[in-house]
Amino acid sequence: MWQSSPPGSIYDYIRVASFALGPDGRISQWSERAAELVGLTARQAIGRDPVEAFVPPEWRERGYRKVAEILDGREWTGLVPYRNPADDRETGLAEIYVMPSQDEEGERSALCIAVDVSALRRLETDLAASQAVFGQSPLGFFFCGTDLRMLRVNERFATVFGRPADAYRGMVPEDLLPRAEADRLSAAIRQVLATGQPVSDMPLVGDVPTNPERRRWAISLYRLHSGSGRPIGVAGLATDVTGRRRAELEAAGVRRNLALLNEAGARIGTSLDLETTARELLDVAVPQFCDLASVDLLQDLLTGDESQARVWGAHRTSPGGGCAELRRVAFASAISDGPVASFECCPPERSDRAGGTRTKPVQVGEVHRYAFDSACAGALRTAQVRLVSGGEGGELLGAVLQSTLIVPMVARDTVVGLVRFSRAKGSEPFGERDTALAVELAARAAVCIDNSRLYRREHERALILQRSLLPPGDPEAAGLDIACRYQPGHEATEVGGDWFDVIELPGHRTALVVGDVMGRGLRAAVAMGELRTAVRTLALLDLEPAEVLSALDEIARGLGTSGGAGGRGGRTVSRAQRVQRGQRAQAGAEGSADLSEVYLATCVYAVYDSVTGRCTFANAGHLPPMLVEPGKPAALMDVPPGMPLGVGGEPFEELEVELPEGALLALYTDGLVESRDHGLDEGLAAFREALSDSAPSAVSPGRPEGSLEDVCDHVLNTMDTHHGEDDIALLMARVQGLPAESVGDWWLPSEPRSVGRARELARRQLEEWGLDALVDTTELLVSELVTNALRYGEQGVPAAKRGGEIRLRLLRERTLVCEVWDGGLVQPRRRRARDTDEGGRGLQLVGLLSASWGSRRTPRGKTVWFELALPDGEASGPDSVEALLSMF
């Protein structure tokens, strides 16, 4: 083929020089390459004797013989050393091929072709090296021409693509690869030919005849040039990266799974709510792990019946019975907006009119069952993972889903539910690594759900315990209108230790109590119950408020030590340590094994006497009561604060005040006036303002104007009570007092005739009150108590202080109360008289005929009292005749 450009051939590399010898043996022609080889121009070389000009002296004689032989018509090939005449030194060794020829006159001449031997040796070395690299390289080499046809491939390339090496000569990319991949390779080769820019690690995918597995290759391309620099083709290196790609995918899958598990650890279990935990699981799984997912929890566990948690499937022996009831608590999908029928692996629900069947999708919150022989029920029974392919789930399921993993949720050997992960058509089916990841995700969620279930159980029990220890909704008290509110903290938080109580005391007196155990949880609720019971017990002993708190402090210290009450018989805790623990508990530092942190509490205790209208307060580290007097704004009472219960070491002080008619008294816990949003001072100011503005405003229908219930509602609606951080207890009492006409009060001399006088006074007062039905019983019991006061009233009193008066008081409110006061210090003790005894039956008689009786200490002696139900009351007193006969 004729072409104007220099040929790209072997001559570009070996640089062949030519010259001619005339009949006289001298140089007659001299090529440019000869000039390059020897270093003489044509003018310098033509006409010279080549032997004398180029051959060293020691080789000239032999050179002349060879020239003569050549001119005689003999061909010759050999190695001839030559030198550059310019510097007269040897420059190299040339291989010369001499061909005899004739000129136009028929005389003998010669045409010589000379090649530098060193260039030939370099070419041989390069060819050997190229052949070694090409043939022995572990990489697949191929050469293609400018027409994209294969010229040569090595054995490694033939092995990679699965054909003999000779079979590739003349092939084009379309003969090796699928059409799309072949087009990509052809375009890359053309680009390399056109631009000279190499291409590295271009991925290709295809099949080989000897291996059914789809293969992946990485192809690198670069342009080939001739010795003159002309592009003559493209060389390529092909590497089978199927294994490497598989390893990369495996590593990427492991990294993806680790990242998913890490995300699951951070996002699952942030709440103690069952439904929230289930949604968090699906938020992690969809769409990172699967396309659809659902969580079903056992209905028995959600409703609190845990008896079937472990063996619920054992009794299901009938195929038609189905599995236990489950509730769908969460569903997530990346391919639809809601549950689809094709996602359910349950039996058809009902037949349509055409005789076919359809499956109803299960909605979130719906209770359902799986068929007994279904994969879901089997997974629940065996606690083993089930993998269901698309075709096994029915026609609809196979049309949408690729595969489904059914994973039981097991925590602490208890099956709590079922989670299903599904991948739609077009997604990669689940493998072994996916199954392990699904089990791990379900196990983590199951532990969190089980923790939520256990917490919910403990929380409900604590609430039941806490509420059972609170007083009834409408407590009654003599001379007081009572209203109370208890608002627990947020449902997600633990129960607290706030409590309040209204305790009726003898003599139409009432004890009002509000307390707060520091800390939260079941232990705080238990501590609250123990302290409340202790308060009621101490109150019924009719002790003074300061004495009640002192005794309660001893009890709290005993509960807070590991060895018994007050630290006796066990570890002794100093007051400073108890104060520090109280500060830590108040700041929320729970979790210590030392129970003293839990049993620190604050309490305010008040006793109101409806007859005198006076109220006595004692405080153990609690917030002071709030008092609203008629016509005045609300104000904090200046009650001595005292130390919290359980700290000990300090006496409690009392404050006695007279409460006017219509005054409003409020006892409360810190949850009402303190939160993260505002400080205590701000909360107390808001509470004062709410109480001051709570006169007859916002009255509910059916309640009288100015109802105390409306005052409570107004305060809670006005204050920021929805923060949910702490429990709120509010106890409000409006002073009504006991009218003067409901009180009969007399002083009697300490002499025998006072017994008759007492009976007469009691009879007259009861007749004025219209309580004729109680006259006989009251006369009898008053006679017994006054007689005892005369006989035993001065026992234990020093002789110098004897001879004091006896006080008789009758009180009528909801019941009739009779009190007899004397100066004796010895408390009466009821005993059972023998048949032969002439006396000793007085207190026995009082106990039989009265609704209740008792005695209490006073600053100057004691008071013995009894109580009778009013005739129009719900309770009727005992029959006096039957009571008298029962004594014999």
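Taken together, the values in this text are just the output of simple stated rules run on the coordinates, not laboratory data. Source: prediction; values computed, not measured. As a convention, Cβ positions derive from the backbone with ideal geometry for all residues, glycine included, and neighbour counts pool all protein chains shown.
Rounded to whole Hz and in sequence order, give me ³J(HN,Hα) for segment 171-178 from the Karplus expression 6.51 cos²θ - 1.76 cosθ + 1.60, θ = phi - 60°, writing x for Gly and Pro.
Values per residue, Gly and Pro as x: 6, 10, x, 5, 7, 10, 10, x Hz.
Provide His678, His714 in ascending order of the number of other Cβ atoms located within 10 Å of each residue's Cβ, fewest first.
If I rank by nearby Cβ atoms, fewest first, I get His678, His714.
Work through the residues other than Ala436 whose Cβ is under 14 Å from its Cβ and net out their charges, Lys, Arg +1 and Asp, Glu -1.
Neighbour charge sum, excluding Ala436 itself: -1.
Quick check: Cα centre of segment 261-279 to Cα centre of segment 767-791, how many Å?
Value for the Cα centre distance between the two parts: 72 Å.
Arrange Tyr668, Tyr486 by Cβ neighbour counts within 10 Å, fewest through most, would you?
Tyr486, Tyr668
Please turn the phi angles of segment 61-75 into ³J(HN,Hα) values with the Karplus equation 6.51 cos²θ - 1.76 cosθ + 1.60 (θ = phi - 60°), one per residue in order, whole Hz, x for glycine and proline.
4, 5, x, 5, 4, 5, 5, 5, 5, 5, 5, 7, x, 9, 7
Using modelled amide H (1.01 Å from N, peptide plane; none on Pro or chain starts), what sits under 5 Å from the amide H of Asp720, excluding residues fewer than 5 places away?
Close amide H contacts, sequence-distant or interchain: none at all.
For segment 137-240, build the charge dipole from Cβ charges (+1 Lys, Arg; -1 Asp, Glu) around the Cα centre, then report which of Met202, Gly145, Phe161 sits farthest towards its positive end.
After comparing all options, I get Gly145.
Each residue of segment 612-625 in order: what ³J(HN,Hα) in whole Hz does its phi give by Karplus 6.51 cos²θ - 1.76 cosθ + 1.60, θ = phi - 60°, with x for Gly and Pro?
The phi angles translate into 8, x, 9, 10, 10, 10, 9, 10, 10, x, 8, 5, x, x Hz.
Quick one: check the C-alpha center-to-center distance for segment 359-389 versus segment 500-522, whole angstrom.
53
Just rank Ile464, Ile406, fewest to most, by other beta-carbon atoms within 10 angstrom.
Ile464, Ile406
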